[in-house]
Ligand code: HEM
């Protein structure tokens, strides 16, 4: 049961990253330059309004899914004790979460309507580039943590180390 649940939340977490980060990349590097080059100003403005109305829903749903599935991922790590006492893991994960909050704030400003944040929307190219770069850092950190795998400090382990158990059996 746990296996199915955690696989589903992992699937949703990575799937959300694919859709939201991929969509941001597409808008910044494919759609924006093509629209700026080929459309007159009024058509460009209409395309922008229409696009933002749909993209906004994906951004908001994506933020909710990231927070929900990210919290489940982290709960699992705490519950199984696989990184207990692992300072590097928690420092990097904390950094990743802070970067994610910055991305969420920028993405919300870009799809929102608050007049105070108009400055962000006027410089949408720059802020989309910032979000793509931050997302690349997040994916790098997440991938590194996954490949590095579980580490526990001696004495902090809640799961026996299989290599250590095998050695103890031989003695
Ligand atoms: C822009 C937002 C985010 C992106 C692009 C992102 C991306 C990823 C990716 C690609 C993985 C690797 C999954 C795997 O290898 O199975 C991952 C794992 C994870 N994410 Fe996120 N994530 C984001 C936001 C968050 C947030 C907000 C949280 C916490 C509230 C979170 C918590 C986690 C945890 C705990 C893991 C597991 C790390 C491990 O393997 O030990 N993520 N994320």
Legend entry - C-alpha long axis of helix 2-26 to longest principal axis of the chain, angle in °: 30
Legend entry - Acute angle (nearest 10 degrees) that the helix 124-148 long axis makes with the longest principal axis of the chain, alpha-carbon atoms: 10
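For the chain, what does the helix formula give at 222 nm: sum of -39500 (n - 2.57) over DSSP H segments with n ≥ 4, over the residue count, nearest 500 deg cm²/dmol?
Details: 7 runs with 136 residues, N = 171.
It comes out at -27500 deg cm²/dmol, rounded to the nearest 500.
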Inset, instruction - Kindly state, to the nearest 0.05, the FRET efficiency for residue 29 paired with residue 108, given R0 = 22 Å and r defined as their beta-carbon distance. - result: 0.55
Legend entry - Relative packing of peptides 17-24, 108-115 - highest average C-beta neighbours within 10 Å first: 17-24, 108-115
Inset, instruction - Mind grabbing the base-10 log of I(q)/I(0) for the chain at q = 0.11 Å⁻¹? Debye formula, identical points on the C-alpha positions, no solvent, two decimal places. - result: -0.58
Inset, instruction - Report, in degrees rounded to the nearest 10, the 0 to 90 angle that the Cα long axis of helix 87-111 makes with the longest principal axis of the chain. - result: 20
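Coordinate-derived values only; no laboratory data. Because the structure is predicted, anything quoted here is derived from the model rather than measured. Cβ sites come from the backbone with ideal geometry, for glycine too, and all protein chains shown count toward neighbours.
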